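Participant: The structure that follows is given in the form of C-alpha cells.
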Amino acid sequence: MPVMANRNTTPDPAQPPPSGTWPEDRAPGVGPWIGPWPDDPRFDQRLLADGDRRNVQDRYRYWSLEAIQADLTQRAQPFHVAIENWEHDFNIGAIVRSANAFGAAGVHIVGRRRWNRRGAMVTDRYLTVHHHPTVADLVSYAAAAGLVIVGIDNLAGAEPLERAKLPRACLLLFGQEGPGLSGQAVGAASYLYEITQYGSTRSLNAGAAAAIAMYHWALQHARPGG
C-alpha cells in the first residue's frame, strides 16, 4: 500500500472549533493526495482529491466507506454487543462507538428502533446495526448465531467481571441508564456480571461500563491486529 502524503497526526476532535474551520496545519486527518494516484479500488477518488478528515484510523485514510465496511467485516472479532432501548437511552451512541473501536461483529438495539446517533460519531456507518423489537427476538438471533448471552449489570447475584472468563463467541448485553437490564434480559442471560466499584456512586455510566466490559473481553480473546 502506498505511503500517504500530507499526514497530520493531530487527533481527530469530537467537535470542530467554534468557527467551524481549522488552520490548515492543525486540520485533523490528511489533505489531498500528492503524487501519482494509487491504483487501488479501495481508494475513494473524491477523498484523494479533497483530503480525508474523517474519524478513522490511518490505515483507512482515503478508503471508501464500502471498502472500510468490507475490511471491518472480514476482520471482526467474534463478539456482539446489545443494548436495551426502552426509554431512548442517550448512551447508545457511545456504546456503538466503543463497539466499533473493539471490532465487534455486530451491534443490536433492543426495543425502540430510534436512538441518538450523535455520540456514535458516525461509527455506526461502519458496523452492522440490528434492531430487535423484543428480548425474545434477540435471544432467537443469538441462538441461531451460536452466541452466549452475557448480561452486564450491578444486580444481586451478579459475579465480579474482573474474575470472569468470558465466552469467546458471546453477546454482551447492557441495560439502559437508570433502570439497567430488564427482567426479561436478566432471564435470557447465561451469565450475569457486574463491574466492581469502590466509590459512593450506585452505578457507572452505561457507556463507560460497556467500554470496560468490551476491553475485558478483548484482553482475553482479541486477535492481535484485529
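All of the numbers you see were taken from the coordinates with simple rules; none came from a lab. As the structure is a computational prediction, the values presented were derived from the model and not from experiment. Cβ atoms come from the backbone with ideal geometry, glycine included; neighbour counts cover every protein chain shown.
Participant: Modelled label-to-label distance, Leu155 and Ala169, 7 Å Cα→beta-carbon offset: nm?
Facilitator: 2.5
Participant: Quickly work out the Glu66-to-Gln184 label distance, labels modelled 7 Å from Cα along the C-beta direction, and quote it in nm with one decimal.
Facilitator: 3.7
Participant: Provide Glu84, Glu194, Glu162 in ascending order of the number of other Cβ atoms located within 10 Å of each residue's Cβ, fewest first. Could you put the intermediate results ahead of the total?
Facilitator: Working: Glu84 26, Glu194 21, Glu162 11.
Arranged by neighbour count, lowest to highest, Glu84, Glu194, Glu162 become Glu162, Glu194, Glu84.
Participant: Let me ask another. Mind sorting Thr201, Thr123 by how few other Cβ atoms lie within 10 Å of their own Cβ, fewest first? Can you show the working numbers first?
Facilitator: Details: Thr201 8, Thr123 20.
By the 10 Å Cβ count, ascending: Thr201, Thr123.
Participant: If you don't mind, there's one more thing I want to ask. Kyte-Doolittle cut-off 0.5, length cut-off 20 Å along the helix's own axis using Cα: show which whole DSSP H helices in the chain pass. Walk me through the numbers before you get to the answer.
Facilitator: Working: long enough: 206-221 (22 Å, 0.64).
Membrane-span-like by this rule: 206-221.
Participant: Which one is right for this structure if Rg and Dmax of the Cα atoms in Å is calculated from it: [x] 19.5, 62; [y] 19.6, 76; [z] 17.5, 53?
Facilitator: [x]
Participant: Considering only DSSP beta bridges where both residues belong to the stretch 76-221, give the percentage that are antiparallel (nearest 5).
Facilitator: Values: 1 of 26 bridges.
Looking only at bridges with both residues in the stretch 76-221, the antiparallel portion is about 5 percent.
Participant: Given labels modelled 7 Å from the Cα in the Cβ direction, how far is it in nm from Arg125 to Ser200?
Facilitator: 4.4
Participant: Below 8 Å, C-alpha to C-alpha, sequence gap of six or more: please give me the relative contact order for the stretch 67-226 in percent. Write down the numbers at each step before the final one.
Facilitator: On the way: 298 pairs, mean separation 43.3, N = 160.
Computed value for the stretch 67-226: 27 percent relative contact order.
Participant: For a quick check: sort Ser98, Ser200 by the number of other beta carbons within 10 angstrom, fewest at the front.
Facilitator: Values: Ser98 22, Ser200 5.
Exposure proxy ranking, most exposed first: Ser200, Ser98.
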